[in-house]
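Some notes on the structure that comes next.
No lab work stands behind these numbers, since they all come straight from the coordinates. Just so it is clear, the structure is predicted and the values come from calculations on it, not from any experiment. Note: ideal-geometry Cβ built from the backbone for every residue, glycine included; neighbour counts use all protein chains shown.
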Amino acid sequence: MAVGHSILVIFYHMVKTGEPYHEKLHAILNDHPQPFWPNRSELEKRLLADACELCGSTDRVEVHHIRALKDLEQKGRREKPLWAKVMSARKRKTLVVCWSCHRNIHAGRSVTMLQT
């Protein structure tokens, strides 16, 4: 509590009650409260899950991002890879993946899906 604010609290207490102000000597203060964000975005929640959305691994979780979903939906192309199907089905431009799956996506290799 700032010094100026403390003086105002003491003065207000004395005026309001007519008795002297005594601070609580045994008050418990929490200088490091837990952060609270009630309105997390879907991406934040997916990142906080700290698990790959493809294989379920928790090893070095990253986010794979594409510029536009329409890039995945182009007709006349070969069959989409598994990760592209997942992104299309969810209608999301991001996919939370582990380091290994992310490297496989960029290298064009197949990625194994977590069995649920």
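Dipole of region 42-107, Cα-centred, from +1 at each Lys and Arg C-beta and -1 at each Asp and Glu C-beta, to the nearest 20 debye?
Charge dipole, region 42-107, about its Cα centre: 440 debye, nearest 20.
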Sorting check: for 100-109, 64-73, which peptide has the highest mean count of neighbouring beta carbons within 10 Å, and how do the rest follow? 100-109, 64-73
The long-range amide H neighbours of residue 97, using H built 1.01 Å from N in the peptide plane and a cut-off of under 5 Å, are 53, 62, 63, 64
Mind giving me the nanometre distance, one decimal, between the label points for residue 57 and residue 45, set 7 Å out from Cα along Cα→Cβ? 2.6
Residue by residue through region 62-69, what is 3J(HN,Hα) from phi via Karplus (6.51 cos²θ - 1.76 cosθ + 1.60, θ = phi - 60°)? Round to whole Hz and write x for glycine and proline. 10, 10, 8, 10, 10, 6, 8, 5
Computed over region 42-107: relative contact order in percent, which uses C-alpha pairs under 8 Å that are six or more apart: 46
